Amino acid sequence: MTDQEVDELAAILVNEHGNAAREVAEERRSLHESGSDGFRLWTRIAAAVGRMLRLGQPVLELSSCVG
């Protein structure tokens, strides 16, 4: 998954869950075995969510993710 795709998924989580988005991503990560592809992917998503929340970065327009 590209960095842009990870950022888009992180933006969706922030839009849907606000400040709880990182917890949601970490919960999803916990469903995967440590070291697995799924675990690593959700680690990346959780980190992107954390950056967005910490920096107060504007969330991507979801319409720009479609198409």
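Laboratory data are not the source of any read-out in this text; all were calculated from the coordinates shown. As the structure is a computational prediction, the values presented were derived from the model and not from experiment. For neighbour counting, all protein chains shown are included, and Cβ atoms are generated from backbone atoms with ideal geometry for every residue, glycine included.
You can think of it this way: the chain between ALA47 and GLN4 has 14.2 nm of extra reach, that is 0.36 nm per residue less the Cα-Cα gap. Among THR43, THR2, sorting on how many other beta-carbon atoms sit within 10 Å of each Cβ, with the fewest leading, yields THR2, THR43.
Farthest towards the positive end of the charge dipole of segment 3-60, among the residues LEU31, ASN15, GLY56, is the Cα of GLY56, using unit charges on the Cβ of Lys, Arg, Asp and Glu. Our summary of shape: the Cα atoms of segment 3-60 have principal axis extents of 32, 21, 16 Å, ordered from largest down, in whole angstrom.
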